[in-house]
Amino acid sequence: MKQSFKVLTLITVAVGLLAAVPVRAQNTLSDRVIIQGQVFNFIEATNVSQFFPAFFQAPPIPNGAILLFEDTSQTVVSDQLYIQNGFWYFASDPDLQNLNAALVPVIGAIVENGQLQDVSQFFGLPTGFVQVQSDFEVPEPGAFSLALLGCGLLVALRRRV
């Protein structure tokens with residue numbers, strides 16, 4: 001009985017530890033925009049649009065866009081963050097928008113690095129007002145639940161013996 005308890009305990013702990021490791025799921029890459037401390041996460045998924053129109057009211061400043069490039073030579077645009085008619089917009093490939101047709105001038109560009117990047121200065125806003133983070137990994141939501149389940153099983157088994 002004690003031998004089987006030890007084996008079951010080891011298996012439960014191993015499953016719990018493995019479940020706690022972030023796993024890259026199908027829809028794990030995300031883009032994040034933080035405006036005045038308010039966080040907007042845009043999950044990249046194959047079955048939904050990557051265009052998020054008028055998601056937040058902008059301060060009264062002129063239309064303008066920044067481009068986020070995925071390469072240092074700035075040839076491949078990955079994302080667009082812009083203000084149009086008093087609202088913030090975000091678009092990610094493959095749903096990039098035609099900014100010329102929307103009469104939104106490009107006022108800046110950065111190379112995305114997966115870290116939080118302050119883009120406030122492009123819009124003439126104070127430092128920290130607008131930040132973007134492109135293509136960072138979101139942990140699989142089930143990983144934490146599996147870790148909790150493993151711990152719960154371990155506790156339940158200890159009480160039985």
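Observations
- Spin-label model, residue 87 to residue 71: label points 7 Å out along the Cα-to-beta-carbon direction sit 3.4 nm apart.
- Packing-based ranking of 80-89, 63-72 yields 80-89, 63-72, ordered from highest to lowest mean Cβ neighbour count within 10 Å.
- Extension gain, residue 100 back to residue 43 (0.36 nm per residue minus Cα-Cα distance, nm): 17.9 nm
- Peptides 104-114, 52-62 ranked from most to least packed by the mean count of surrounding Cβ atoms within 10 Å: 104-114, 52-62.
- When only Cα pairs below 8 angstrom with a gap of at least 6 residues are kept, region 28-68 shows a relative contact order of 26 percent.
None of the figures in this text is laboratory data; all of them are computed from the coordinates on show. In this text the structure is predicted, and so the values were computed from the model without any measurement. Here Cβ is always computed from backbone atoms with ideal geometry, including for glycine, and neighbour counts include all displayed protein chains.
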